[in-house]
Amino acid sequence: MIFSSSTLWFISIACTPLSVTLFFWSLKQKKIWLNITALMFVFVASGLIIVQQYEDYARFTDCISKGFNYNAFSAECSLVLHDN
């Protein structure tokens, strides 16, 4: 993969509001080609978010099925022993 998951997450989160802003501005300017371009960016960024959520869920279920604890912030599986 060219980009890491955290880089793609930042790119997709940053692209969505910028694309929506560009779309509203293009509606005001009445430029059809800019409308279509902005909507394509919105769909691509949303698709990236969906793919990343699925990958995180797949890592989570794989980790849990092996009996490990999953740390969502670092996306790591670990065997944590709790003191009772």
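Per-structure values
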item	result
Of all accessible heavy-atom area on the range 5-79, the percent that carbon and sulfur account for (1.4 Å)	72 percent
Calculated from backbone phi, Karplus (6.51, -1.76, 1.60) coupling profile of the range 51-63 in Hz, x at Gly/Pro	5, 5, 5, 5, 4, 5, 5, 5, 5, 4, 5, 5, 5
Calculated Rg and Dmax of the range 5-79 using C-alpha coordinates, Å	17.4, 57
Net lengthening on full extension, F68/Q29 (0.36 nm per residue, minus Cα-Cα)	8.6 nm
From phi via Karplus (6.51, -1.76, 1.60), per-residue ³J(HN,Hα) for the range 26-40 in Hz, x at Gly/Pro	5, 5, 5, 7, 6, 10, 5, 5, 6, 4, 5, 4, 5, 5, 5
Full-stretch length increase - A58, C77 - with 0.36 nm per residue and alpha-carbon distance subtracted	5.6 nm
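The values are calculated or read from the model by the stated rules, or taken from the named source; none is laboratory data. Treat the numbers as computed from the prediction; the structure is a model and nothing was measured. Ligands, DNA and RNA are excluded from the accessible area calculation, which covers all protein heavy atoms including side chains. Shrake-Rupley method; radii C 1.70, N 1.55, O 1.52, S 1.80 Å.
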